[in-house]
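Note sheet for the following structure.
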Amino acid sequence: FNNFNIYTLFPIICGICYSFTIIIQKKTSDKDSVFSQIIHIYLSALIFSLIIKLTIMNIEFNPSTIVEYKSLLIEWNIVNLTTMVLLIVIGFTGVIGFLCLFSAYNIGSPSVIAPFEYIIIVWGLIISWFIWGETLNFKGYIGLLLIVGAGIYTLMRETKLNQQISIDKPLR
């Protein structure tokens with residue numbers, strides 16, 4: 001708690017919002033197509049990003065905060081065509097990723113699909129090591145083991161209870 005500030009809550013808020021996204025997606029999968037769900041996700045992200053941008057513009061930060069969280073607080077500029085192309089590729093990759101993920105949740109049980117999302121953790125560790133040279137500390141590994149263990153426990157529990165994977169809906 002010595003280093004606690006509002007910015008340390010951002011990953012927790014992100015995780016909560018992501019879980020609400022998956023819950024809403026699963027609840028509305030019988031009414032909406034995967035494509036309309038993706039459009040709703042990206043429109044919501046655009047609206048919330050604009051709200052956050054307008055809010056942050058009016059807040060004054062102390063200089064030490066700006067240094068520590070400069071990637072969050074600086075204005076991003078596209079300086080050349082390569083950067084623009086890379087951002088477009090990242091955007092299309094994200095859309096394809098959500099299309100595959102939402103399609104999986106439409107036809108499968110969340111307890112079966114969720115463990116496959118742990119690849120996000122692996123990619124996060126790899127990217128943070130290559131870009132920022134950061135690795136997990138002991139507490140980070142404990143947290144990682146708890147997250148993965150909870151997912152594996154849920155999968156084993158549902159397998160033991162003989163829960164069927166819900167594939168009764170036609171594939172879209």
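The values are calculated or read from the model by the stated rules, or taken from the named source; none is laboratory data. Computed from a prediction, not measured in an experiment: that's the story for all the values here. All Cβ positions, even for glycine, are placed from backbone atoms using ideal geometry, and neighbour counts span all protein chains on display. SASA here: full protein model, heavy atoms, side chains in, ligands and nucleic acids out. Shrake-Rupley method; radii C 1.70, N 1.55, O 1.52, S 1.80 Å.
Things worth noting here:
- Scanning segment 105-141 for residues that are of a type in the set (V, I, T) and in a loop (DSSP other than H, G, I, E, B) yields a single hit, T135.
- Among the candidates N137, N106, the residue that is at pLDDT 85 or above, of a type in the set (S, T, N, Q) and out of contact with any His (no Cβ under 7 Å at 6 or more places or on another chain) is uniquely N137.
- Odd one out for L99, checked against (1) part of a helix (DSSP H, G or I); (2) modelled with pLDDT of 80 or more; (3) open to solvent by 90 Å² or more (accessible area, probe 1.4 Å): (3)
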